[in-house]
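Down below is the structure, laid out as structure tokens.
The values are calculated or read from the model by the stated rules, or taken from the named source; none is laboratory data. Small disclaimer: the values here were computed from a predicted structure and weren't measured. Here the Cβ positions follow ideal geometry from the backbone for every residue, glycine too, while neighbour counts run over all protein chains shown.
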Amino acid sequence: MSSTSRAGAGKREDSSSGAFSEQERTAMKARAKELKAEAGGGRAAQKAAKDEAAVLAKIAEMESPDRELAARVHDIVTTAAPELAPRLWYGQPAYAVDGKVVCFFRSGQVDKERYSTLGFSVAAALDEDGGMWPTSYALTGLDDVGAATFADLVKKAVR
């Protein structure tokens, strides 16, 4: 794992101060804002539309090539598993069912990493025989074969 937490929730010890990094503090503030918005209630359809608009706005803010990757991921997820609701999670695009994030996209540029991440949470139903299954992928591009593989995993994750 890199020195910056990929999920944005773990504490990374700074060798000099033991404090959270600026990226970690930003992600935690974004998550707190998301939780506060969720607790506010309101109509489900309005919240879903607001959440999707926030995800699309976040994608639009990204620099290329992450913007194009995130947009393609969004299209794949919303087509392959329309029951997944787009929302922000730690300030980045994610897709949830019954309020639980199933899969997510992490911008490598935002995280200051050399690649973006396509990941699945513990809510994803990807358990395989043999005791091993995917939880995340490094993503520098998404060709048609990769997109088809991801679409299949998303469909399986929500079963």
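Details
- R72 being of a type in the set (D, E, K, R), surrounded by fewer than 20 Cβ atoms within 10 Å (Cβ to Cβ) and in contact (Cβ under 8 Å) with a residue 60 or more places away in the chain: yes
- Selection within segment 85-102 - over 10 Å from the mean Cα position of the chain (by Cα) and on the phi > 0 side of the Ramachandran plot: D98, G99
- Residue check, A37 part of a helix (DSSP H, G or I) and at pLDDT below 70: yes
- Of the residues making up segment 120-141, just one is touching a residue at least 60 places away in the same chain (Cβ under 8 Å) and crowded, with 19+ Cβ neighbours inside 10 Å, namely L139.
- The criterion of at least 1 residues that are more than 23 Å from L35 (Cα to Cα) is met by the following strands (runs of 3 or more DSSP E) wholly inside segment 78-159: 116-120, 136-139.
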